[in-house]
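J.: Pasting in a structure now, in structure tokens, and then I'll have a few things to ask.
Where a number appears in this text, it was derived from the coordinates with a stated rule and is not lab data. Remember, predicted model here, so these are calculated numbers, not experimental data. We place every Cβ from the backbone using ideal geometry, glycine too, and count neighbours over all the protein chains shown.
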Amino acid sequence: MSFRTLHDRGVIARYRAFLPVTETTPVVSLNEGSTPLIHSPKLSAKVGRNCQVFIKYEGLNPTGSFKDRGMTLAISKAVERGAQAVICASTGNTSAAAAAYAARASITCIVLLPAGKISFGKLAQAFVYGAKVVAIDGNFDDALRLVREIGETEPIAVVNSINPDRLQGQKTASFEIIEELGDAPDVHILPVGNAGNISAYWMGYEEFLGLGRSKKNPVMLGFQAAGSAPIFHKRIIEAPETVATAIRIGNPASWDKANEAIAKSGGAIDIVTDAEILAAQYWLASNEGIFVEPASAASIAGLLKSLDPASGRAYEANRFPEGSKIVCTVTGHGLKDPDVVKDLCGSVIPAKAERSEILRLIGQ
Ligand code: F0G
């Protein structure tokens with residue numbers, strides 16, 4: 001028996017007409033999507049010229065990242081095709097989403113992770129959702145190569161973004177933004193790792209423009225971590241490194257699609273350093289109350305870089321038209337990786353449990 005509730009609004013329910021599903025597709029959903037688009041007065045002021053900046057807060061999906069949008073579709077379609085098991089390579093968020101949706105579908109989930117390079121929060125998710133967790137002696141790119149090989153010979157469905165169902169689900173974020181703003185934004189900024197998400201957003205924008213549901217496409221600006229920037233450098237990075245482990249990727253699967261989105265939209269790909277990423281993460285949390293994981297902060301760091309004439313930026317923010325609407329996608333929740341901010345947590349103020357002492361210590 002299936003119960004529908006007021007909140008039964010996953011991305012398949014909301015955008016069924018635009019997705020490759022039929023009446024008989026078994027929908028595996030955790031009510032993902034419909035995430036907040038939060039106006040940022042402080043970033044808007046930094047950009048100036050009446051521009052308005054909005055944060056698409058994808059950390060509020062059920063497993064804490066945008067991956068749930070693609071995973072609802074990938075798992076639903078895999079179940080429709082009779083899969084008993086799914087597999088993915090991951091830097092942590094895809095594996096969390098795959099494990100959760102596979103649990104809900106009562107099928108087996110196997111995740112291949114780069115050993116020692118997954119934040120503890122994400123690793124905990126894979127285990128608690130009941131996945132078989134394999135930590136390989138290699139990086140994400142090695143894991144994805146192995147997953148492709150296994151998917152060719154074994155009866156196990158691959159749910160990485162090389163599975164087209166994933167990008168179909170992820171494109172729904174563009175639909176939501178268009179519906180909320182009444183049109184596509186002028187500029188869309190997001191972090192880039194395996195390059196599926198920038199490709200999916202572009203697909204969504206193109207689709208709604210083609211259907212007359214929007215009047216323009218945004219300029220797409222993608223940001224890679226400086227130590228993991230194959231698209232920016234136009235070459236495979238054999239040993240990618242960055243504090244933003246989610247985007248520690250040297251050979252992105254959707255490289256060509258990302259280049260197409262950037263070229264067709266008149267956008268750019270650029271890099272941000274680990275220091276810029278961590279500064280942006282802290283800035284966003286302490287100024288706008290939005291705590292995101294480091295990879296997600298690459299979009300905010302990227303916007304700030306585009307504003308700075310001394311930064312060597314690939315795209316100058318003064319090219320944004322006056323009054324532009326700018327959307328930054330922040331892809332995953334900050335609580336996924338609290339270790340990265342532990343240095344900030346060292347300065348607690350020790351006190352006796354006495355009112356007068358506390359008032360003295362807080363300067364009252
Ligand atoms: N931000 C976060 C939080 C991510 O987890 C990822 C990718 C990205 C950005 C980049 O998106 O790969 O579509 O360009 N994480 C993948 C994973 C690789 O395994 O969870 P992309």
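J.: If I take R0 = 25 Å and measure r between the Cβ atoms of Glu238 and Phe120 in this structure, what FRET efficiency does the formula 1/(1 + (r/R0)^6) give, to the nearest 0.05? Before the final figure, lay out the partial values.
T.: Working: r = 26 Å, r/R0 = 1.06.
Efficiency at R0 = 25 Å is approximately 0.40.
J.: Which of the three applies to segment 1-132, rounded, prolate or oblate, going by the alpha-carbon gyration tensor with a ≥ b ≥ c and a/c under 1.5 meaning rounded?
T.: Details: a/c = 2.54, a/b = 1.35, b/c = 1.88.
Oblate, since a/c reaches 1.5 and b/c is not below a/b.
J.: Sorted from fewest to most neighbouring beta carbons within 10 Å, what does the list Arg248, Arg145, Arg166 look like? Don't skip to the end; give the middle numbers.
T.: Details: Arg248 25, Arg145 14, Arg166 29.
Arranged by neighbour count, lowest to highest, Arg248, Arg145, Arg166 become Arg145, Arg248, Arg166.
J.: Express the relative contact order of segment 228-364 as a whole percentage, based on alpha carbon pairs under 8 Å and six or more residues apart in sequence. Provide the component values of the computation, followed by the final result.
T.: Values: 138 pairs, mean separation 24.9, N = 137.
For segment 228-364, the relative contact order is 18 percent.
J.: Is the shape of the chain best called rounded, prolate or oblate, per the rule: a/c under 1.5 gives rounded, else a/b larger than b/c gives prolate, else oblate, with a ≥ b ≥ c the square roots of the Cα gyration tensor eigenvalues?
T.: On the way: a/c = 1.41, a/b = 1.18, b/c = 1.19.
In terms of gyration-tensor shape, rounded.
J.: What list of ³J(HN,Hα) couplings, whole Hz, do you get for segment 322-327 from phi and the Karplus terms 6.51, -1.76, 1.60, once you set θ to phi - 60° and write x for glycine and proline?
T.: Result, rounded to whole Hz: 3, x, 4, 9, 10, 10.
J.: Within segment 207-364, how many lysine pairs that are 8 or more places apart, or on different chains, have C-alpha atoms less than 23 Å apart?
T.: Lysine pairs satisfying the spacing and distance rule in segment 207-364 number 12.
J.: Sticking with this one: Work out the count of Lys pairs in segment 1-129 where the Cα-Cα distance is under 22 Å, with the pair 8 or more places apart or on different chains. Walk me through the intermediate numbers first.
T.: Values: Lys42/Lys56; Lys46/Lys56; Lys56/Lys67; Lys56/Lys122; Lys67/Lys77; Lys67/Lys117; Lys67/Lys122.
Lysine pairs, 8 or more places apart or on different chains, close enough: 7.
J.: Give me the one-decimal nm value for the distance between modelled label points at Lys216 and Glu149, 7 Å along each residue's Cα-to-Cβ direction.
T.: So the label points at Lys216 and Glu149 sit 4.8 nm apart.
J.: Hey, another quick one. Only counting other Cβ atoms within 10 Å, I'd like Tyr282, Tyr101 sorted with the fewest neighbours first. Could the numbers behind the result be given before it?
T.: Working: Tyr282 14, Tyr101 31.
By the 10 Å Cβ count, ascending: Tyr282, Tyr101.
J.: Here's something else I'd like to know. For the charge dipole of the chain, defined by +1 on Lys and Arg C-beta atoms and -1 on Asp and Glu C-beta atoms about the Cα centroid, which residue among Ala297, Ile236, Cys328 has the Cα displaced farthest towards the positive pole?
T.: Cys328
J.: Along segment 42-53, what does the Karplus equation 6.51 cos²θ - 1.76 cosθ + 1.60 (θ = phi - 60°) give for ³J(HN,Hα), rounded to whole Hz, x for Gly and Pro?
T.: Running phi through 6.51 cos²θ - 1.76 cosθ + 1.60 with θ = phi - 60° gives 6, 5, 4, 5, 5, 6, x, 6, 6, 6, 10, 9 Hz.
J.: A follow-up question, please. Which of the trypsin sites (Lys or Arg not before Pro) found in segment 269-364 are loop residues per DSSP with 13 or fewer other Cβ atoms within 10 Å of their Cβ? Let's see the in-between values first.
T.: Numbers: sites: Lys305, Arg313, Arg319, Lys325, Lys336, Lys342, Lys352, Arg355, Arg360; in loops: Arg313, Lys352.
Taking segment 269-364 and a limit of 13 other Cβ atoms within 10 Å, the loop trypsin sites (Lys or Arg not before Pro) found are Lys352.
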